[in-house]
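Written below as structure tokens is the structure these notes are about.
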Amino acid sequence: MIPPSNNLKLKLGGRLGGIDPAALAKAEAALKGLSSNFDQWMQDELTKLDAAREKVRAEGYNAETAETLYFRAHDLKGLGSTYGYPLVTRIAASLCRLTDDPVTRLKAPLFLVDAHIDAIKAAVRGNVRDDDHPTAKVLLGELEKQVKEYEA
């Protein structure tokens, strides 16, 4: 067996090292300093998600409105945990899974899309942040089950 050469390492002279612990600590401190804004930023994301849903209701569920809704869910999937809402990340991930493929996105049942959006809003409104909350477990389990059944 011949191991492949690492041309990138040769070209850069081996300068690609691990993450600098001091830089990581500085980034974490900066993020902690911004944490007082997280609740407002989460509300801003929910406003965008609501606007996307209202656009679906006003214009119909078409390629453009479905894509906008998908991107709003995708943003929440990435931002939920950062803003202190890992539950929102899980629910948004389930919604993304439901609407991920542009080819089949328009077939996603709107009642299930709405259920995900309502669950995200309820989690934030009720300050239910983690999926170990008893109600969150049941709700998340049901949403994920419905998505699996839809996919099958």
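The values are calculated or read from the model by the stated rules, or taken from the named source; none is laboratory data. Because the structure is predicted, anything quoted here is derived from the model rather than measured. Virtual Cβ from ideal backbone geometry, glycine too; neighbours counted across all protein chains shown.
Go through (1) part of a helix (DSSP H, G or I); (2) in contact with a Pro (Cβ under 8 Å, 6 or more places away or on another chain) for Lys137 and report which single condition fails.
For Lys137, the failing item is (2).
Being surrounded by 14 or more Cβ atoms within 10 Å (Cβ to Cβ), modelled with pLDDT under 95 and assigned to a helix (DSSP H, G or I) is true for just one of Ala25, Ala123, Ala30. Which residue is that?
The conditions single out Ala123.
Taking Thr104 and the conditions (1) surrounded by fewer than 17 Cβ atoms within 10 Å (Cβ to Cβ); (2) hydroxyl-bearing (Ser, Thr, Tyr); (3) touching a Gly at 6+ places or on another chain (Cβ under 8 Å), which numbered condition does it fall short on, given that it satisfies the others?
Among (1) surrounded by fewer than 17 Cβ atoms within 10 Å (Cβ to Cβ); (2) hydroxyl-bearing (Ser, Thr, Tyr); (3) touching a Gly at 6+ places or on another chain (Cβ under 8 Å), Thr104 violates only (3).
Among the residues that make up the stretch 53-63, is at least one of them among the aliphatic types (A, V, I, L, M), within 27 Å of Ala27 (Cβ to Cβ) and either without any contact (Cβ under 8 Å) to a residue 12 or more places away in the chain or touching a helix residue (DSSP H, G or I) at 6+ places or on another chain (Cβ under 8 Å) (or both)?
No.
Which residues, taken from the stretch 131-150, are over 16 Å from the mean Cα position of the chain (by Cα) and either among the charged types (D, E, K, R) or surrounded by fewer than 17 Cβ atoms within 10 Å (Cβ to Cβ) (or both)?
Asp132, His133, Pro134, Thr135, Lys137, Val138, Gly141, Glu142, Lys145, Lys148, Glu149, Tyr150
Take the residues in the stretch 68-79 that are more than 13 Å from Ile120 (Cβ to Cβ) and at pLDDT 95 or above, then tell me which one is surrounded by the fewest Cβ atoms within 10 Å (Cβ to Cβ).
Phe71
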